[in-house]
1. With the Cα gyration tensor of the chain in hand, convert its eigenvalues to equivalent ellipsoid semi-axes via √(5λ) and list them largest first in whole Å.
2. Once you keep just the Cα pairs under 8 angstrom separated by 6 or more residues, what percentage relative contact order results for the range 11-134?
3. Would you please classify the overall shape of the range 11-134 from the alpha carbon gyration tensor, given that a ≥ b ≥ c denote the square roots of the eigenvalues, rounded means a/c under 1.5, and beyond that prolate means a/b larger than b/c while oblate covers the rest?
4. Fewest first, what order do 136, 275 take by the number of other Cβ atoms within 10 Å?
5. If one puts a single equal scatterer on every Cα of the range 16-89 and applies the Debye formula without solvent, what log₁₀ I(q)/I(0) results at q = 0.24 Å⁻¹?
6. Over all directions, how big on average is the projection of the convex hull of the alpha-carbon atoms in the range 109-179, in square nanometres?
7. Just the projected area, averaged over all directions, of the convex hull on the alpha carbon atoms of the range 140-297: how many nm²?
8. Relative contact order (percent) for the range 161-307, with alpha-carbon contacts under 8 angstrom and 6 or more residues of separation?
């Protein structure tokens, strides 16, 4: 069993320091209250970011999503973008981190005065936690690929819980992951409310058919930063790319398929519902990987040049 977040073991992660509301704590001492709204209700928002050569890749794109999500649920982060960046830099320098680092930034509504649902019971301000780990994807993911199983768990109706909100409430994705595991796959392929192919439990999903790159309309999935970069890079490089409704029939008949996410960038899919994807060659996926790698390098160089 593999996942899109499988990373090489790094002994340094046993000693990381974690940011908790302005203080840096050893990972064994980094705790929040059992009354915290994130623990109690999943009431919070988070972002996953990656550090390349001292630069937080596409920081502004991540902050656009983060602050829009917080505003939607009336969650005040208590700081602006510069404050978030200062907290990130404080944490990475305390850990001596420079590259191949993954960050999970988590904000909750804070500690409740009583163990009930109403947001007004969180009165002491938000809880901000930043976990950074030395984290490099395992090579075998690129060789072997991920095995997906289509699951009954659907994602996601905007009027129930909009999938564009990167919220702590991830139970529907956890259920999907369990369903995929029980079907003998690594991760879940989730449909949208109309039965079209949507996303996986953890990443955005793309297929390649007859040289064209397809992904979902984006109406019912996380508005992934890496997803959008791939779409933009395809358009700039002349690769036909479409955001559209398509069925499992078309996914099963794809020549290639891959996932996108901040951690793994582009991860190939080896099979869907026990059916091999294409003939195992992945020329379009590799071309996109090369374009993305070059784009990250350009972004990092520009950021360092402007520092």
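Bear in mind these aren't lab numbers, they're just calculated from the coordinates by the rules spelled out. Source: prediction; values computed, not measured. Don't worry about glycine lacking a Cβ; one is built from the backbone with ideal geometry, like all the others, and counts go over all protein chains shown.
1. Over the Cα atoms of the chain, the semi-axes work out to 32, 24, 18 Å.
2. Taking the mean separation of contacting Cα pairs over the length of the range 11-134, I get 36 percent.
3. oblate
4. With the fewest neighbours first, 136, 275 line up as 275, 136.
5. The Cα Debye sum returns log10 ratios of -1.35.
6. Working: hull surface 31.6 nm².
With the hull built on Cα positions only, its mean projection is 7.9 nm².
7. Mean orientational projected area (the range 140-297, Cα hull): 8.7 nm².
8. Value for the range 161-307: 19 percent.
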